[in-house]
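Q: Here it is, the structure, as C-alpha cells.
The values are calculated or read from the model by the stated rules, or taken from the named source; none is laboratory data. Keep in mind that what you see is a predicted model, and the values were worked out from it rather than measured. Cβ placement follows ideal geometry from the backbone for every residue including glycine, while neighbour counts extend to all protein chains displayed. Protein only, heavy atoms only, side chains kept; ligands, DNA and RNA dropped before computing areas. Shrake-Rupley method; radii C 1.70, N 1.55, O 1.52, S 1.80 Å.
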Amino acid sequence: MAVVVEPIVSLEKLRQLLAEQSEQPALDYKSTLDLRKGLIGRRDTVELAKDVGAMQSEPDGGYIVIGADDHGQPATDAGFNNTLAGFFDEAKLRPKLEKYLSNPAIRTAQHTVDGHCYVLLYVAPSDIGWCIFKEIGEYEKDDGTKVVVFRVGDVFVRHGTSSERWTDADRERLVEQVVARRKERWRQEMANEFAVNAQLAGTASKLEAMPSTALSWQLDQQTFEQLATELLRHNDDIPLRRLLLGVPAEAEGRLGTVDQPQLLDRVTDVAALALQYERTSWLTRAIEALERIYHLGFNEFGHDRPERSVRWLWLDIITRVYALGALAVRLNDWAAVRHLSSRCPSGDSVSYYGNWLRHAVTEVSRARIFDNEEKAGLIARANNTVRELPALHPDHTVENEALLTSLCQFDVYAALVAIGEQGKVSSQYFYTNFARYHSRRSEPAFHRVVTDSAVRRSLFDGDDQLLADAMSSISRMASQEGFHYNGWTGLHDSAVTGFIAKNGT
C-alpha cells in the first residue's frame, strides 16, 4: 500500500507509516541518526540532507521516520533515544539543512509508540520541482578517508528506496511535473488579460452582458469561484447550465491528461458553492455532471472500459465526492450526504455494487493504483483535494481535526446509506476507508444515527434490526482493516453498543 503524503506529523500519521512495513520513494526508515557534533554527527547530517533533497523532488514530498528498522519495527538495538531525538526540533534541524539546501520546508515531531522513541520528519516538495545542493556534502571516516556524498549543483531524486543523482529521464519527468503544477498560475495570469476580475466588480447588468462562455473550466480557480458565486447570487443560470452540460464532452477529450483534474475541480467548485449557499438545484446539477463524466468509463454496452486511465478518472471523481461529502457533514446537510453517497451511474458493474463509491474503490484496487501510485488511500487523498480548493473548506478546517474527522464520518454515513437502500448487509455495497484512522473520528457518526431520529430518517432505510446489523458489520470490517494501520479499534460508545445488543441478530 503506497503511503499518502500530507503535511501532518501526528502520532496517528506515524502509526500509519510504521504499519506500511516497507520503505517507498516517499517513505524512508532510519534506525538512528546522531546530529550532534563530531564525525558521526557530520556524516549523519550530510546523509539526511541528501535524503531530504531527494524527497523534495517527489510530487508531494515525503516522510523520514527515525527510530525504525527497514520493516517499520522499532530499532531497539540502534540506540535512538530522547536525547538524539531532541536534535530534530525544527529550530535546531532547519539551520543544519539550510547549509546544503535552500529553504527546505519541513515539519518534525517526536513521538513514543509502545515505549519506543521515534521522530517523524515531513519534507514538502520543492516549489521549483527539484532541489539543487548549494554546498558540498562531505565527511571523514574514522580512518581519515574523505567521503563526498554530493557536490554543489547536484540534484538528487528518489529511485525506489534510494536517493541518487538524477538522470535524463528524471529531468523530463520533473519538468512535466513542474508544468502541471504551474498551469493554475498561468491560468490566473491569463484571466487578467480577459479582465474577468474587473467585470466581477461590476453590477448585475455587467454580468448579464458577459458572454455565456465566460464561465469556463479553463479559468484559474480564484476567478472561476468568484464568477460562479456572482452568477449564483444573481440567479444567472445560463453560463452555469452551459458549463455543466458541456463538461462531459470536454472530459472525454481530456481523459488521462493533466487537464482532467482541473476540469473536475471546476465542477466540484460549483457543487461546493451550491452546498455553502443552499442552492440545492445546482448541487444536483453538479453531481449529475460528475455522474455523466463517470459514465465515460463504460462502453456502449454498459461494460467497464479496460483502460487504466478510466480507473484514474473514477478515482479522481470519487475523491471529490468524498471532499463534498465531508463538507455536507460539517454543514449538517444530510440530504446532500445521501445524494452524494447513493449515485449509481448506468453500467453493469456499478449496478452490482449499488453505488459509485464502492464500484470506484473496487476497480481502483483491482488496477493496483493504491499499491503502486503515490496518492493512495481515499480519505487522505480527499483531504489533500480539500486543501487545494478553497470552496471545499469555507469553514477554514484545513488546519484542524474537523476536516479529517468529517471525511471519516462521511465514509460511515455512506456505508449506512448503501446498506439501507439495498435492504441487506453485505460488503458488496460498502468499504471501510475510515478504518485507517482512530475510532474517535468515526464513532460519533454511529452515535448520531442512533440518537438523532432526523439524521436516521435522512440516511437510513430500514428497521432497528437492519441498522444494528449494519453497524456491527461495518465495525467488524473496519477492525480487520484498521489492524494494519493501528486505526479503528471498534465501537465503544454505550448508546451504540447498547442499541446493537438490543436489536442485532
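Q: Under the condition of being assigned to a loop (DSSP other than H, G, I, E, B) and over 21 Å from the mean Cα position of the chain (by Cα), which residue from region 22-34 is surrounded by the most Cβ atoms within 10 Å (Cβ to Cβ)? I'd like the intermediate steps shown before the answer.
A: Within region 22-34, the subset assigned to a loop (DSSP other than H, G, I, E, B) is 22-23, 25-26, 31-34.
Checking the rest, the ones that are also over 21 Å from the mean Cα position of the chain (by Cα) come to 31-34.
Working: Ser31: 18, Thr32: 18, Leu33: 24, Asp34: 17.
Filtering region 22-34 for residues that are assigned to a loop (DSSP other than H, G, I, E, B) and over 21 Å from the mean Cα position of the chain (by Cα), the one surrounded by the most Cβ atoms within 10 Å (Cβ to Cβ) comes out as Leu33.
Q: Now, a different point. Does region 13-20 contain any residue that is assigned to a loop (DSSP other than H, G, I, E, B), at pLDDT below 90 and within 20 Å of the chain's Cα centre (by Cα)? Can you show your working first?
A: Within region 13-20, the subset assigned to a loop (DSSP other than H, G, I, E, B) is none.
No, region 13-20 contains no residue that is assigned to a loop (DSSP other than H, G, I, E, B), at pLDDT below 90 and within 20 Å of the chain's Cα centre (by Cα).
Q: What number of residues in region 416-434 are of a type in the set (A, V, I, L, M) and under 17 Å from Arg320 (Cα atoms)? Show your work before the answer.
A: Step one: filter region 416-434 for residues of a type in the set (A, V, I, L, M), giving 416-419, 425.
Next, only the ones that are under 17 Å from Arg320 (Cα atoms) stay: none.
Within region 416-434, residues that are of a type in the set (A, V, I, L, M) and under 17 Å from Arg320 (Cα atoms) number 0.
Q: Go through region 87-125 residue by residue and tally those that are farther than 15 Å from Arg36 by Cα and either β-branched (Val, Ile, Thr) or open to solvent by less than 60 Å² (accessible area, probe 1.4 Å) (or both). Explain how you work it out, then say what you get.
A: Kept after step one, since they are farther than 15 Å from Arg36 by Cα, are these residues of region 87-125: 98-125.
Still in the running and either β-branched (Val, Ile, Thr) or open to solvent by less than 60 Å² (accessible area, probe 1.4 Å) (or both): 100-101, 104-106, 108-109, 111-113, 117-125.
Counting residues in region 87-125 that are farther than 15 Å from Arg36 by Cα and either β-branched (Val, Ile, Thr) or open to solvent by less than 60 Å² (accessible area, probe 1.4 Å) (or both) gives 19.
Q: Could you check how many residues of region 71-86 are β-branched (Val, Ile, Thr) and open to solvent by less than 30 Å² (accessible area, probe 1.4 Å)?
A: Step one: of region 71-86, the residues β-branched (Val, Ile, Thr) are 76, 83.
Keeping just the survivors that are open to solvent by less than 30 Å² (accessible area, probe 1.4 Å) gives none.
Of the residues in that region, 0 qualify.
Q: Of all residues in region 449-505, how many are open to solvent by 30 Å² or more (accessible area, probe 1.4 Å), touching a residue at least 60 places away in the same chain (Cβ under 8 Å) and under 17 Å from Val412 (Cα atoms)?
A: The total comes to 2.
Q: Could you tell me whether Ala228 is at pLDDT 95 or above, more than 25 Å from Trp312 (Cα to Cα), out of contact with any Cys (no Cβ under 7 Å at 6 or more places or on another chain) and assigned to a helix (DSSP H, G or I)?
A: On the way: at pLDDT 95 or above: no; more than 25 Å from Trp312 (Cα to Cα): yes; out of contact with any Cys (no Cβ under 7 Å at 6 or more places or on another chain): yes; assigned to a helix (DSSP H, G or I): yes.
No; evaluated as a whole, the condition is false for this residue.
Q: To continue, here is another question. Going by the conditions given, is Thr385 surrounded by fewer than 24 Cβ atoms within 10 Å (Cβ to Cβ), in contact (Cβ under 8 Å) with a residue 60 or more places away in the chain and either within 17 Å of Thr362 (Cα to Cα) or not acidic (Asp, Glu) (or both)?
A: Numbers: surrounded by fewer than 24 Cβ atoms within 10 Å (Cβ to Cβ): yes; in contact (Cβ under 8 Å) with a residue 60 or more places away in the chain: yes; either within 17 Å of Thr362 (Cα to Cα) or not acidic (Asp, Glu) (or both): yes.
Judged against the criteria, Thr385 is a match.
Q: Output the number of the condition that Val3 fails; it satisfies all remaining conditions of (1) within 27 Å of Gly144 (Cβ to Cβ); (2) open to solvent by less than 10 Å² (accessible area, probe 1.4 Å).
A: (1) is the only condition that Val3 fails.
Q: Now, a different point. Would you be able to say whether some residue in region 384-402 is in a helix (DSSP H, G or I), among the acidic types (Asp, Glu), at pLDDT 85 or above and over 21 Å from Ala272 (Cβ atoms)? Talk me through it step by step, then tell me what you get.
A: Going through region 384-402, the residues in a helix (DSSP H, G or I) turn out to be 384-388, 390-392, 401-402.
Remaining after also requiring among the acidic types (Asp, Glu): 388, 401.
Cutting the leftovers down to at pLDDT 85 or above gives us 388.
Now drop any that are not over 21 Å from Ala272 (Cβ atoms), which leaves none.
So far as region 384-402 goes, no, none of its residues is in a helix (DSSP H, G or I), among the acidic types (Asp, Glu), at pLDDT 85 or above and over 21 Å from Ala272 (Cβ atoms).
Q: Identify the residue in region 126-154 that is over 24 Å from the mean Cα position of the chain (by Cα) and small (Gly, Ala, Ser) and, among all such residues, is surrounded by the most Cβ atoms within 10 Å (Cβ to Cβ).
A: Within region 126-154, the match that is surrounded by the most Cβ atoms within 10 Å (Cβ to Cβ) is Gly137.
Q: Does region 391-403 include one or more residues that are closer than 25 Å to Pro248 by Cβ and in contact (Cβ under 8 Å) with a residue 60 or more places away in the chain?
A: Applying the first criterion (closer than 25 Å to Pro248 by Cβ) to region 391-403 yields 391-392.
From the residues that got through so far, the ones that are in contact (Cβ under 8 Å) with a residue 60 or more places away in the chain too are 391-392.
Yes, region 391-403 contains a residue that is closer than 25 Å to Pro248 by Cβ and in contact (Cβ under 8 Å) with a residue 60 or more places away in the chain.
Q: Okay, moving on. For residues that are under 27 Å from the mean Cα position of the chain (by Cα) and on the phi < 0 side of the Ramachandran plot, tally how many sit in region 70-101.
A: Of all residues in region 70-101, those under 27 Å from the mean Cα position of the chain (by Cα) come to 70-73, 88-90, 94.
Next cut, on the phi < 0 side of the Ramachandran plot only: 70-71, 73, 88-90, 94.
Residues that pass the stated criteria total 7.
Q: If I go through region 55-69 residue by residue, how many of them are touching a helix residue (DSSP H, G or I) at 6+ places or on another chain (Cβ under 8 Å) and not in a loop (DSSP other than H, G, I, E, B)? Even if it seems obvious, please write down each step before you answer.
A: Initial filter on region 55-69 (touching a helix residue (DSSP H, G or I) at 6+ places or on another chain (Cβ under 8 Å)): 57, 59-68.
Restricting the remaining residues to those that are not in a loop (DSSP other than H, G, I, E, B) gives 62-66, 68.
So the answer is 6.
Q: Across region 404-427, what is the number of residues that are free of Cβ contacts under 8 Å to residues at least 60 places away in the same chain and open to solvent by 10 Å² or more (accessible area, probe 1.4 Å)?
A: Going residue by residue through region 404-427, those that are free of Cβ contacts under 8 Å to residues at least 60 places away in the same chain are 404-405, 408, 415-416, 419-420, 423-427.
Pick out the ones that are also open to solvent by 10 Å² or more (accessible area, probe 1.4 Å) and you get 404-405, 423-427.
Adding up the residues that qualify gives 7.
Q: Continuing with this model, one more query. Take the conditions buried (at least 22 other Cβ atoms within 10 Å of the Cβ), closer than 26 Å to Arg338 by Cβ and of a type in the set (Lys, Arg) and apply them to Arg266. Does it pass? Before the answer, list the steps.
A: Details: buried (at least 22 other Cβ atoms within 10 Å of the Cβ): yes; closer than 26 Å to Arg338 by Cβ: yes; of a type in the set (Lys, Arg): yes.
Yes: the conditions hold for Arg266.
Q: Turning to a different aspect of this structure: Only one residue in Val46, Val52, Val9 is open to solvent by less than 40 Å² (accessible area, probe 1.4 Å), part of a loop (DSSP other than H, G, I, E, B) and at negative phi, so which one is that?
A: Matching residue, one of Val46, Val52, Val9: Val9.
Q: How many of the residues making up region 307-347 are charged (D, E, K, R) and touching a strand residue (DSSP E or B) at 6+ places or on another chain (Cβ under 6 Å)? Walk me through it before giving the result.
A: Initial filter on region 307-347 (charged (D, E, K, R)): 307-308, 311, 316, 320, 330, 333, 338, 343.
Those left that are additionally touching a strand residue (DSSP E or B) at 6+ places or on another chain (Cβ under 6 Å): none.
Adding up the residues that qualify gives 0.
Q: Could you please tell me which pairs satisfy a Cβ distance under 6 Å, a separation of 6+ or placement on different chains, a first residue in region 56-71 that is more than 13 Å from Val3 (Cβ to Cβ), and a second residue that is surrounded by fewer than 24 Cβ atoms within 10 Å (Cβ to Cβ) and of a type in the set (Lys, Arg)?
A: What qualifies is Ile66/Lys30.
Q: Further question on the same structure: If Arg343 satisfies all but one of (1) buried (at least 17 other Cβ atoms within 10 Å of the Cβ); (2) more than 23 Å from the chain's Cα centre (by Cα); (3) modelled with pLDDT under 95; (4) not aromatic (Phe, Trp, Tyr), what's the number of the condition it fails?
A: (2)
Q: For region 350-357, does any single residue satisfy the condition of being assigned to a helix (DSSP H, G or I) and either within 18 Å of Asp265 (Cα to Cα) or modelled with pLDDT of 95 or more (or both)?
A: So in region 350-357, the residues assigned to a helix (DSSP H, G or I) come out as 350-353, 356-357.
From what is left, the residues that are either within 18 Å of Asp265 (Cα to Cα) or modelled with pLDDT of 95 or more (or both) are 356-357.
So far as region 350-357 goes, yes, one or more of its residues are assigned to a helix (DSSP H, G or I) and either within 18 Å of Asp265 (Cα to Cα) or modelled with pLDDT of 95 or more (or both).
Q: If I filter region 276-295 for residues that are touching a residue at least 40 places away in the same chain (Cβ under 8 Å), in contact with a helix residue (DSSP H, G or I) (Cβ under 9 Å, 6 or more places away or on another chain), over 28 Å from Arg330 (Cα atoms) and part of a helix (DSSP H, G or I), do I get at least one hit?
A: Yes.
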